[in-house]
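Note sheet for the following structure.
The values are calculated or read from the model by the stated rules, or taken from the named source; none is laboratory data. Quantities reported herein were computed from a predicted structural model and do not represent experimental measurements. Positions of Cβ are backbone-derived with ideal geometry, glycine not excepted, and every protein chain shown enters the neighbour counts. Protein only, heavy atoms only, side chains kept; ligands, DNA and RNA dropped before computing areas. Shrake-Rupley method; radii C 1.70, N 1.55, O 1.52, S 1.80 Å.
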There are 2 protein chains.
Amino acid sequence: MSFSLYQATVPPVQQILGSLSALIDKAAADCEARKIDPATIIGYRLAPDMFAFARQIQVATDNAKGLCARLADVEIPSYPDVETTFDELKARLAKTSDFIGSIPAARFDGAETRKITLKLGGRDVHFTGANYLTGFGLPNFYFHATTAYDILRHAGVAIGKRDFLGAVPVNA
Amino acid sequence: MSFSLYQATVPPVQQILGSLSALIDKAAADCEARKIDPATIIGYRLAPDMFAFARQIQVATDNAKGLCARLADVEIPSYPDVETTFDELKARLAKTSDFIGSIPAARFDGAETRKITLKLGGRDVHFTGANYLTGFGLPNFYFHATTAYDILRHAGVAIGKRDFLGAVPVNA
């Protein structure tokens, strides 16, 4: 057995997309229980110049699809940033998970050396696939996913790290 | 060329340990400029029942050394949780980075199938090395590292995502 780039990418990203969806369910139930308008949570943020909750989810899903599509060398689907409800955000998470799950694992073969070029701060930045995954793609994805969690936590939603980790792939 | 478990573990974890250290420098400078007692930031948190900044750094370093040591099958060094200053937290980050950097890459050979057992919530949980890395070790590490960032950001320290990403491994 060996360790593949696919293994390091699609399953862990799907794990966290799933946990974000479950976190939204908890946030929705909390809004119901505490009589909070869901729009308040959807627009909640940790600092005035930080992205609000909905935007964190949008960027996390952008990170997820961009990361997987670039490594697999398939076209990145474009999702308009129009979500304003918990259900719409959950639909975006599900759509993203379905998309990355639809990419055949074999498309990732050799992706570790694939040349990935991103436009960052107006200039072209080059990565090998392996460096792009481990040093940019995953940290970015976890950054926005965790910040979405932290916003809910800061807003008083009763969640814990186990909710963030979601369906941890344990073995018998 | 292939993609190794070592590559997926040590360099990205060292990248973020380095960026956390640089974030602490920015927090220290900010305390100086805004005349804030550093102890306020070190004890700052996003919710009353969440870990404060110092504890997030301690747990992130615990995650980092535990993750690497378990995969490499070397003993996990024990660090007492005694840090109360920015300099002490930076020393812990540096010590952790030095430790994981000292593990020979060859120790990770075959780690993808190594059986890893953790005590979680009082019971033994089993992982393959690959699942432990991608589904538990890295998400945990990024979770605490990002939350440390979010605490500083929430406290008004002038930092951005680029500071979190740190020394991104770009190629020429």
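Odds and ends about this structure:
- Among the residues listed as B:44, B:79, the single one being in contact (Cβ under 8 Å) with a residue 60 or more places away in the chain, open to solvent by 20 Å² or more (accessible area, probe 1.4 Å) and among the aromatic types (Phe, Trp, Tyr): B:44
- Residues in the range B:28-50 that are touching a Ser or Thr at 6+ places or on another chain (Cβ under 8 Å) and within 10 Å of another protein chain (Cβ to nearest Cβ): B:46, B:50.
- For the range A:1-22, taking the residues that are open to solvent by 20 Å² or more (accessible area, probe 1.4 Å) and outside any helix (DSSP H, G or I), the one that is farthest from the other protein chains (Cβ to nearest Cβ) is identified as A:6.
- The one condition from (1) within 14 Å of chain A (Cβ to nearest Cβ); (2) assigned to a helix (DSSP H, G or I); (3) surrounded by fewer than 20 Cβ atoms within 10 Å (Cβ to Cβ) that residue B:25 does not meet is (1).
- Every test in (1) among the small types (Gly, Ala, Ser); (2) free of Cβ contacts under 8 Å to residues at least 12 places away in the same chain; (3) assigned to a loop (DSSP other than H, G, I, E, B) is passed by residue A:91 save one, and that test is (3).
- The range B:116-134 residues that are of a type in the set (S, T, N, Q), paired with ones that are surrounded by fewer than 15 Cβ atoms within 10 Å (Cβ to Cβ) (beta carbon under 6 Å, 6 or more apart): B:117/B:124; B:117/B:126; B:128/A:171; B:128/B:113
- Every residue from the range B:124-143 that is within 7 Å of another protein chain (Cβ to nearest Cβ), surrounded by 24 or more Cβ atoms within 10 Å (Cβ to Cβ) and closer than 15 Å to residue B:113 by Cβ: B:130, B:134
- Scanning the range A:144-164 for residues that are within 9 Å of chain B (Cβ to nearest Cβ), open to solvent by 10 Å² or more (accessible area, probe 1.4 Å) and either assigned to a helix (DSSP H, G or I) or of a type in the set (Phe, Trp, Tyr) (or both) yields A:153, A:154, A:161, A:162.
- For residue B:73, the criteria (1) more than 10 Å from chain A (Cβ to nearest Cβ); (2) within 20 Å of residue B:167 (Cα to Cα); (3) not hydrophobic (A, V, I, L, M, F, W, C) hold in every case but one, which is (2).
- Reported count of residues in the range B:47-64, each being open to solvent by less than 70 Å² (accessible area, probe 1.4 Å) and in a helix (DSSP H, G or I), is 11.
- When the test is whether a residue is more than 30 Å from residue A:31 (Cα to Cα) and more than 9 Å from every other protein chain (Cβ to nearest Cβ), residue A:114 passes it.
- Hey, residue A:39 surrounded by fewer than 21 Cβ atoms within 10 Å (Cβ to Cβ), hydrophobic (A, V, I, L, M, F, W, C) and in contact (Cβ under 8 Å) with a residue 40 or more places away in the chain or not: yes
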